[in-house]
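Data first, discussion second: the structure below is written as structure tokens.
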Amino acid sequence: MKILIVEDNEILSQNIATYLKLENIQSKQLFEGGQVNYELTMNNYDLVILDLGLPDIDGLDICKKIRGSEKNIPILMLTARNTTQDKISGFQSGSDDYLTKPFDYEELLMRIHALIRRNFTVKSNKINIGDIELNIADKKVSLQGEEVHLSNLEIDLIIYLVQNKGKVISKEELLEKVWGEYDAYSMSRTVDVYIGYLRKKLGKDLIETIRGQGYLIR
């Protein structure tokens, strides 16, 4: 998991980054809002922690720009403003959650994980790729119109790979996002096994192995 921290208070920003590192979460810090869109264009992040009161650009405007760019990335807004209207403005600008300062770092972590899980939820009942159709609501998969039985874990795995079509996904990322497991060393073989299940059921050429990097659906 990688998070972009946009916070002009350098001490607070560093404290957040340090806490996230202890939880095995990577992060990058920005202290001005003007760099955000460029950073999100050049690099992939799982979530943005965005301060509302930045010195150069208002956090609400940054949030609107991110949403206007069609980037489907969760935004957790931080602010000292705690009125109901402030929260409404934050949500209306496109923020996914709102945390007022001062805050507990355990609560911050809880909200981060909740937003990541929510973002993983498929926004459509059906996903199509080639001859494969995934019906999320019914937990059913068909190949060339014929239903194929998959376990819930197999369905979650193929959904995540399809949602990231064209991107190489590492075993570590799959373990974290699909299994909710962070011990890549002991669980690595499990990913291989389930990829094998999917290839057997949906076609051996569907998922490509990129040696030393991970898996890819083109």
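The values are calculated or read from the model by the stated rules, or taken from the named source; none is laboratory data. The model shown is predicted, which means the values in this text are computed figures rather than measured ones. Glycine also receives a Cβ, built like all others from the backbone with ideal geometry; neighbour counts cover every protein chain displayed.
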Only one of Lys139, Lys101 that is surrounded by fewer than 17 Cβ atoms within 10 Å (Cβ to Cβ) and more than 23 Å from Leu22 (Cβ to Cβ) = Lys139
Looking at segment 180-189, is at least one residue modelled with pLDDT under 90, touching a helix residue (DSSP H, G or I) at 6+ places or on another chain (Cβ under 7 Å), in a helix (DSSP H, G or I) and not aliphatic (A, V, I, L, M)?
-> yes
For Leu76, indicate whether it is out of contact with any His (no Cβ under 6 Å at 6 or more places or on another chain) and surrounded by 12 or more Cβ atoms within 10 Å (Cβ to Cβ).
-> yes
Mind listing whichever residues of segment 54-73 are in contact with a Phe, Trp or Tyr (Cβ under 9 Å, 6 or more places away or on another chain) and surrounded by 19 or more Cβ atoms within 10 Å (Cβ to Cβ)?
-> Leu54
